[in-house]
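Trainee: Pasting a structure here, questions to come.
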Amino acid sequence: EFGVGKTTLAQLVYNDNQVNDYFDLKAWVCVSEIFDIKDITKSILSSIGHESPDAGADLNNLQIKLKQRLSGKRLLLILDDLWHQIYNDWTLLIAPFGKGTTIIVTTREQSVSSMTRTIPADHKLQKLSDEDCLSVLTHHALGANDFSRHPNLEEIGRKIVKKCNGLPLALS
């Protein structure tokens, strides 16, 4: 489902102080429609502070560099908005990662979730209830928890919430 907050939740994890203390390295890669292992590997290398990879480097050399860079380190990797299930490519992509790597994938495709699964359960985000949407709206629009200081805006707020259909992205 588009707009339920998958990326926002991943950002909260990525920027959490305890997460920062635990992981030696972090990388965020927006994947979207094109799953290109070489480009993703280059992005990971760049994110973890490796010098810009040689544009002409082949995938094998990039993965060797990545494996060397990760040796003995804990990496948090966020792959945001992964669209396609490509099992062989997935297996190749994760080849350089050792025990210290944690990968979080955001996707709207159940098949992608099944392909990447290494733990028994996914976390499927649901749409917000109208009351939760109203709470998000009042917080962002009014800097308040409710409409008590602006009762004249409550009716329009409820109409906005109905149009958002439970999607927090539509409220921002």
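The values are calculated or read from the model by the stated rules, or taken from the named source; none is laboratory data. Since we're looking at a predicted model, the values are computed, not measured. Note that we place each Cβ from the backbone using ideal geometry, even for glycine, and neighbour counts take in every protein chain shown.
Trainee: What single numbered condition from (1) in a loop (DSSP other than H, G, I, E, B); (2) modelled with pLDDT under 80; (3) not assigned by TED's automatic domain parsing to the domain that holds TYR14 fails to hold for ALA144?
Mentor: Evaluating ALA144 over (1) in a loop (DSSP other than H, G, I, E, B); (2) modelled with pLDDT under 80; (3) not assigned by TED's automatic domain parsing to the domain that holds TYR14 leaves (2) as the failure.
Trainee: Shifting gears a bit: Out of the residues in region 7-29 that are free of Cβ contacts under 8 Å to residues at least 12 places away in the same chain and of a type in the set (Asp, Glu), state the one that is surrounded by the most Cβ atoms within 10 Å (Cβ to Cβ).
Mentor: Among those that are free of Cβ contacts under 8 Å to residues at least 12 places away in the same chain and of a type in the set (Asp, Glu), it is ASP16.
Trainee: Then there is this: Let me spell it out: the conditions are (1) closer than 26 Å to LEU62 by Cβ; (2) modelled with pLDDT under 85, and ASP130 meets all of them except one. Which number is the exception?
Mentor: Just one mismatch for ASP130, condition (1).
Trainee: Can I ask one more? State the number of residues belonging to region 22-37 that are under 17 Å from LEU70 (Cα atoms) and part of a strand (DSSP E or B).
Mentor: Count: 5.
Trainee: Kindly establish whether LYS42 is surrounded by 17 or more Cβ atoms within 10 Å (Cβ to Cβ), farther than 26 Å from ASP16 by Cα and modelled with pLDDT of 90 or more.
Mentor: Details: surrounded by 17 or more Cβ atoms within 10 Å (Cβ to Cβ): yes; farther than 26 Å from ASP16 by Cα: no; modelled with pLDDT of 90 or more: yes.
Answer is no for this residue.
Trainee: For the condition modelled with pLDDT of 80 or more, crowded, with 19+ Cβ neighbours inside 10 Å and touching a Leu at 6+ places or on another chain (Cβ under 7 Å), what is the one hit in LEU75, LEU93? Full working, then the answer.
Mentor: Details: LEU93 fails: touching a Leu at 6+ places or on another chain (Cβ under 7 Å).
The match here is LEU75.
Trainee: For region 6-34, give me each residue that is more than 9 Å from the chain's Cα centre (by Cα) and modelled with pLDDT under 80.
Mentor: Those that are more than 9 Å from the chain's Cα centre (by Cα) and modelled with pLDDT under 80: SER32, GLU33, ILE34.
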